[in-house]
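A short worksheet on the structure shown next.
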Amino acid sequence: MKRLFWLCCIVFMGTFLAPCSSFAFHSNNYSGTWSCELCHPGGPHAHIPECIECHDNDSGAPYTDTDAPEMTTHSSAAMGDLANAEYGEWQWACVDCHEAHRNNGISMRGGVSDPSYIVAEFTADYAVTVDYVTTMDITSPITINDSTWADPATWGAKRGPERGLVLLVVIRDKTYWYEVLNADADSITFSNGATFFPQYPKSNPIFMKLVYGMFIQNEVNGTSVTFPAFPEGNTWAYDESGTGFDPIPDGICQVCHVNTSAWNVNGSGADHFNGWDCIACHRHENGFKFVTPSTCPLKN
């Protein structure tokens, strides 16, 4: 009887946890070589390495699971404010803004909470899976919501170290995500490290969506954060009113800014390059410190 009890527990937990683990981007869905131990070498409750231990590649693509684009955390040291008595010494951690296991505004059972998060959408038929790589035939016209990604050949490549696309697959009313490897107008190939997807190719055609792969927390510093895919460049901070005072200061750059003259959490300073891409001049690899005009496209 005890054996039967424990067997039922194992089956239940396996059924419950498998879809959740397959929904995590930094897990078996990322690639066939990825494992939880890469970030949790001593188990889930042991020491977890800092994200920047892997995000240290300053030479550019190609990137690997443990050799990701270089990033620097947002801090007074990075910004050069250590001597500024008004701000003092401060430091933000990666996990203060990022959630390694969930994409902003997306849940497995709820899908995409805001349609503006969707870059493109289409349907596809299951084709073949070989060595953790799945290829599917695109069977409907591709709806493009962000013209910068109109060419499917660009879906499998980052436009820069900060932005890339993630494929959302809707199977039996549940949403899972995968890394896009390559695509064209007729097919898409993605990394499928999890074993969950190949077992359920029965509901062809399968509905798919593409979203930006930024794993932003739904809430940062006690404030809800919106991180949509378009309008282009408006994902960091955007004044919908166009008045210079943002009525909805929910951009990732705004929710912590209490002492800034631009993009303050109170809505002020929203006339500072409204609609532009903040990281064009405030690079993540520099801890968001302003770069010199010669390297900032907005200043040329």
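The values are calculated or read from the model by the stated rules, or taken from the named source; none is laboratory data. On a predicted model such as this, the values are computed, not experimentally measured, just so you know. We place every Cβ from the backbone using ideal geometry, glycine too, and count neighbours over all the protein chains shown.
Things worth noting here:
- Filtering the range 77-100 to residues that are exposed (fewer than 15 other Cβ atoms within 10 Å of the Cβ) and modelled with pLDDT under 75 leaves Leu82, Ala83, Asn84, Ala85, Glu86.
Every residue, every condition in (1) buried (at least 20 other Cβ atoms within 10 Å of the Cβ); (2) not small (Gly, Ala, Ser), yes or no:
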{"site": "Ala120", "(1), (2)": "yes, no"}
{"site": "Val128", "(1), (2)": "no, yes"}
{"site": "Thr139", "(1), (2)": "no, yes"}
{"site": "Ile144", "(1), (2)": "no, yes"}
{"site": "Asp151", "(1), (2)": "no, yes"}
{"site": "Ile171", "(1), (2)": "no, yes"}
{"site": "Trp177", "(1), (2)": "yes, yes"}
{"site": "Val180", "(1), (2)": "yes, yes"}
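- Residues located in the range 117-142, provided they are of a type in the set (S, T, N, Q), assigned to a loop (DSSP other than H, G, I, E, B) and closer than 19 Å to Val211 by Cβ: Ser140
- Hits in the range 59-114 (condition: polar (S, T, N, Q), closer than 21 Å to Glu179 by Cβ and more than 14 Å from the chain's Cα centre (by Cα)): Ser59, Thr64, Thr66
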